[in-house]
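Enquirer: Have a look at this one.
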Amino acid sequence: MTEFAHDNVVPFKNSDLSKKEQVAEMFDSIAFKYDFLNRFLSAGIDIRWRKKAILQLIEKKPQTMLDVATGTGDFAIMAHQILSPKKITGIDISNGMLEVGRKKIEKLGLNNHIELIHGDSEKINFEDNTFDAVTVAFGVRNFQQLEKGLSEIFRVLKPEGKLVVLEFCKPTFFGVKWFYNFYMKIVTPNLGKFFSKNEAAYKYLDESIKKFPERKNFTEILDKTGYKKTYYKTLSLGICSIYCGEK
């Protein structure tokens, strides 16, 4: 498996834990404020990004879906609202995030449609060819081994099944780039520290985005992993991208 620069970016540089363990610990610590900070820090734009990503599956009409790195289940809930599949399973390594997500799903009366379980993206506990579609929203940067995670997703996809990834990337337009760098370096960590008491989590966000293989580099990794019909779409002047590939 190829090692990528972002594979070695970790939330807590002085920790002896693996990246996977550190990411789980980090999200456990911010779970109670995660949804609020998502909306606040993105000014709600992340909702539009998620919707555009889910619409990449509209023609596929998936009936069984897996949401990897599901967190508090926002993407799974929106996917249910837009696509109405029979079943969505969400997996995540953070029990704290899953606990928040399960409460939301129960409150919405969606327990029969969405199930959130503890799971590892690099060792997905499902049989080959199980899902019509797999989604990952803002989670691939957190994979300890990117290629391994993408290979596992490929394995559990049915033939002609589709992967949709939503992820941050670095803008290329000068004015946007300057503002983005200021926001990610100064504003985000300080607001994260103020609201969640965890500055490291939001510094990690910036560092992991910087080293992530984005745009065509990412679709080339999908190609190498076996996906076909790969493509990407940039959103909001390059701050975010949607990546897709089929089995």
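Enquirer: Through the Karplus equation 6.51 cos²θ - 1.76 cosθ + 1.60, θ set to phi - 60°, convert the phi angles of segment 148-161 into ³J(HN,Hα) values in whole Hz; use x for Gly and Pro.
Expert: 5, x, 5, 5, 5, 4, 4, 4, 7, 6, 6, x, 6, x
Enquirer: Something else now. Using only the Cα atoms, what convex hull volume per residue in Å³ does the chain have?
Expert: On the way: hull volume 28.2 nm³, N = 247.
Cα convex hull per residue, to the nearest whole number: 114 Å³.
Enquirer: So, one more: Subtracting the Cα-Cα distance from 0.36 nm times the residue separation, let me have the gained length for SER151 to GLU21 in nm, one decimal. All intermediate terms of the calculation are to be shown ahead of the outcome.
Expert: Numbers: separation 130, 0.36 × 130 = 46.80 nm, distance 2.05 nm.
So the extension gain works out to 44.8 nm.
Enquirer: Turning to a different aspect of this structure: Suppose each label sits 7 Å from its Cα in the direction of the beta carbon; what would the ASN95-ASP223 distance come out to in nanometres?
Expert: Distance between the two pseudo-spin positions: 4.3 nm.
Enquirer: Non-local amide H neighbours of THR70 (under 5 Å, H modeled in plane, Pro and chain starts lacking H): which ones?
Expert: Here the answer is ILE91, ASP92, since their amide H atoms fall under 5 Å of that of THR70.
Enquirer: Taking amide hydrogens as modeled 1.01 Å from N in the peptide plane, which residues meet the under 5 Å criterion relative to PHE131, leaving out close sequence neighbours?
Expert: Long-range HN contacts for PHE131: LEU157, LYS158.
Enquirer: Show me, for segment 168-174, the HN-Hα J-couplings you get by feeding each phi into the Karplus relation (A = 6.51, B = -1.76, C = 1.60, θ = phi - 60°), rounded to Hz, glycine and proline as x.
Expert: For segment 168-174, the Karplus-derived couplings read 5, 8, 8, x, 10, 5, 4 Hz, x marking Gly and Pro.
Enquirer: Taking θ as phi - 60°, what are the ³J(HN,Hα) couplings along segment 88-101 by the Karplus curve (6.51, -1.76, 1.60), each to the nearest whole Hz, with x for Gly and Pro?
Expert: The phi angles translate into 10, 10, x, 10, 7, 8, 9, 5, x, 5, 4, 4, 4, x Hz.
Enquirer: Could you calculate the contour length gain from LEU55 to ASN181, that is, 0.36 nm times the residue separation minus the distance between their Cα atoms, to one decimal place in nm?
Expert: On the way: separation 126, 0.36 × 126 = 45.36 nm, distance 2.92 nm.
Answer, rounded to one decimal: 42.4 nm.
Enquirer: Which residues' amide hydrogens lie under 5 Å from the amide hydrogen of CYS169, considering only partners 5 or more residues apart or on another chain, with H built in the peptide plane?
Expert: Answer set, sorted by chain and number: CYS240, SER241.
Enquirer: Okay, moving on. What is the extension gain from LYS13 to ASN111, computed as 0.36 nm multiplied by their sequence separation minus the C-alpha to C-alpha distance, in nm to one decimal?
Expert: On the way: separation 98, 0.36 × 98 = 35.28 nm, distance 3.82 nm.
Difference between extended and current length: 31.5 nm.
Every read-out reported here was derived from the displayed coordinates using simple, explicitly stated rules and does not represent laboratory data. Values in this document were obtained by computation on a predicted structure and should not be read as measured data. Every residue, glycine as well, gets a Cβ built from its backbone with ideal geometry; the counts of neighbours run over all protein chains shown.
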